[in-house]
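Novice: Pasting in a structure now, in structure tokens, and then I'll have a few things to ask.
The values are calculated or read from the model by the stated rules, or taken from the named source; none is laboratory data. Given the structure is predicted, the values throughout are model-derived calculations rather than measurements. FYI the Cβ positions are ideal-geometry reconstructions off the backbone, even for glycines, and counts take in every protein chain you see. All accessible areas refer to the heavy atoms of the entire protein, side chains included, with ligands and DNA or RNA removed. Shrake-Rupley method; radii C 1.70, N 1.55, O 1.52, S 1.80 Å.
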Amino acid sequence: MIIEYHRPENLEQAKRLLNRKSPITVPMGGGTVISRYNEKPLAVVDLQALGLNKITFDSDRCHMGSMVRLQDIVEYPGMSTGLAKAARRETNINLRRVATVGGALMTGDGKSPFLGCLLALDVRVFWESGTKPVSLNDWMSSDRLKSPGKLITGIDFSVPHESDYEDIARSPEDKPIVFVNYAKWKTGDIRIVYGGSGTRPILHTGGSPNIVKEIFNRVTRSSTTDGFSTYTDYQQSALKILIDRIIPGNGNMNEKDIP
Ligand SMILES: Cc1cc2nc3c(=O)[nH]c(=O)nc-3n(C[C@H](O)[C@H](O)[C@H](O)COP(=O)(O)OP(=O)(O)OC[C@H]3O[C@@H](n4cnc5c(N)ncnc54)[C@H](O)[C@@H]3O)c2cc1C
């Protein structure tokens with residue numbers, strides 16, 4: 001239950017509120033998740049007046065404030081194809097107009113196409129504490145609640161040369177059953193993320209021309225350590241089709257190589 005609402009006008013005020021011992025005080029992005037929280041009395045710090053809602057490009061990097069809404073990403077001219085598609089598939093348009101990058105980073109699970117895409121883009125996360133930005137993958141590989149700060153101020157990533165997103169769902173507007181995000185840079189580095197189950201999307205990196213085959217081998221192994229065992233047989237088969245479809249040139253594989 002929300003017992004206090006604050007809308008600070010600068011980061012210092014926000015930090016002061018978030019550092020209070022009592023009542024429990026947390027940041028609020030769009031509030032789509034937090035407004036449904038009923039367990040304990042909670043004070044919220046609405047971040048909308050802090051100017052964290054900008055998207056900028058600086059040489060080959062894209063910077064986004066944590067208050068950028070998912071729909072802003074969908075509509076931004078020239079946004080990386082994979083990111084725009086994944087943001088659009090995260091949820092319906094009403095929620096996309098409200099939900100923020102910061103909220104998605106804190107709450108997204110293995111079914112989140114948007115979080116999957118941020119992992120594929122090798123996003124760095126910036127905190128109000130001013131510490132060095134943290135790799136999203138490193139942060140997600142540990143306990144996400146043990147974060148380096150109380151407030152995410154933004155993210156950035158090196159703009160990929162190619163990126164894309166594919167999913168399979170019951171209908172075009174239904175939540176994806178499985179999805180794949182793909183990004184490739186001029187250096188030849190490739191990152192592929194798949195999701196549809198578990199606590200986080202699964203990342204695969206490499207520069208090998210046989211990356212598709214490597215992923216198929218990994219998928220077929222159904223390792224319990226990377227959470228793939230939580231995928232149903234149908235999801236596993238569907239993922240193979242998506243991975244095959246999304247990678248231009250199919251990683252130099254012939255159809256007969258696909259297990
Ligand atoms: C009906 C519904 C269904 C959903 N289903 C799914 C689903 O299946 N899978 C999935 O992954 N997501 C799901 N979501 C989550 C949602 O789509 C996104 O996670 C969304 O981006 C939340 O953003 P928000 O800004 O509204 O978050 P808020 O409600 O504002 O905040 C969510 C959490 O993030 C914290 N937070 C917000 N901003 C910051 C910040 N800048 N710094 C630090 N902490 C911050 C808050 O303190 C809170 O703990 C669902 C949401 C709704 C409403």
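Novice: Going 7 Å from the Cα of Asn92 along its beta-carbon direction, which residues of segment 164-207 have the amide nitrogen within less than 17 Å of the resulting point?
Specialist: 170-176
Novice: May I ask you to give the solvent-accessible area per residue for segment 2-46, in square angstrom, as obtained with a 1.4 angstrom probe? All intermediate terms of the calculation are to be shown ahead of the outcome.
Specialist: On the way: 2890 Å² over 45 residues.
Accessible area per residue: 64 Å².
Novice: Further, regarding this structure: Under a cut-off of 28 Å between alpha-carbon atoms, report the lysines in cross-link reach of Lys85, not counting same-chain residues fewer than 8 places apart.
Specialist: Lys54, Lys111, Lys175, Lys184, Lys186, Lys213, Lys240
Novice: Working with all protein chains in place, sort Val33, Val123 by solvent-accessible area computed with a 1.4 Å probe, largest first.
Specialist: Values: Val33 70, Val123 0 Å².
Result of the area sort, largest leading: Val33, Val123.
Novice: Let me ask another. Counting only protein heavy atoms, what percent of the accessible surface of the chain is carbon or sulfur at a 1.4 Å probe?
Specialist: So the carbon and sulfur contribution to the accessible surface is 50 percent.
Novice: Let's see if you can work this out: charge +1 on each Lys and Arg Cβ, -1 on each Asp and Glu Cβ, no other charges. What is the dipole magnitude of segment 55-158 about its Cα centre, in debye to the nearest 20?
Specialist: On the way: 13 positive and 11 negative charges, 61 e Å.
Dipole of segment 55-158, to the nearest 20 debye: 300 debye.
Novice: With a/c under 1.5 counting as rounded, go ahead and sort the chain into rounded, prolate or oblate using the C-alpha gyration tensor (a ≥ b ≥ c being the square roots of the eigenvalues; past the cut-off, prolate if a/b is larger than b/c, else oblate). Walk me through the numbers before you get to the answer.
Specialist: Details: a/c = 2.05, a/b = 1.74, b/c = 1.18.
Cα axes put the chain in the prolate bin.
Novice: Then there is this: Along the charge dipole of the chain, Cβ charges K/R +1 and D/E -1, which of Gly103, Trp185, Leu145 sits furthest on the positive end?
Specialist: Leu145
Novice: Which one of Asn38, Asn53, Asn181 has the biggest mean-square fluctuation once the chain is modelled by GNM with Cα springs under 10 Å?
Specialist: Of the options given, Asn38 has the highest mean-square fluctuation.
Novice: Please give every one of the lysines within straight-line cross-link reach of Lys146, meaning a C-alpha to C-alpha distance under 19 Å, and leave out same-chain neighbours fewer than 8 residues apart.
Specialist: Result set, ordered by chain and number: Lys15, Lys21, Lys132.
Novice: What distance in nm separates the two pseudo spin-label positions at His6 and Thr107, each 7 Å out from Cα along the beta-carbon direction?
Specialist: Label at His6, label at Thr107, 2.1 nm between them.
Novice: With a 10 Å radius around each residue's Cβ, average the other Cβ atoms per peptide and rank 111-119, 154-162, 136-144, 78-86, highest first. Mind dumping the intermediate values first?
Specialist: Numbers: 111-119: 27.1, 154-162: 19.1, 136-144: 14.4, 78-86: 21.4.
Highest mean packing first, the order is 111-119, 78-86, 154-162, 136-144.
Novice: Give me P(r) over segment 40-117, computed from all C-alpha to C-alpha distances, binned every 10 Å, as integer percentages.
Specialist: Percent of pairs per bin, in order: 18, 51, 26, 5, 1.
Novice: Further, regarding this structure: Which is farthest toward the positive dipole end of segment 1-91 among Leu47, Met64, Leu17, measuring Cα position about the Cα centre, with Cβ charges +1 (Lys, Arg) and -1 (Asp, Glu)?
Specialist: It is Leu17, whose Cα lies furthest towards the positive end.
Novice: Okay, moving on. How many percent of DSSP beta bridges within the chain run antiparallel, rounded to 5? Intermediate results must be reported in sequence, preceding the final value.
Specialist: Working: 34 of 42 bridges.
Roughly 80 percent of the DSSP beta bridges within the chain come out antiparallel.
Novice: Which net charge results for the neighbourhood of Pro23, defined as the other residues with beta-carbon distances under 12 angstrom from its beta-carbon, given Lys and Arg at +1 and Asp and Glu at -1?
Specialist: Details: positive: Arg20, Lys21, Lys40; negative: Glu4.
Taking every other residue near Pro23 into account, the sum is +2.
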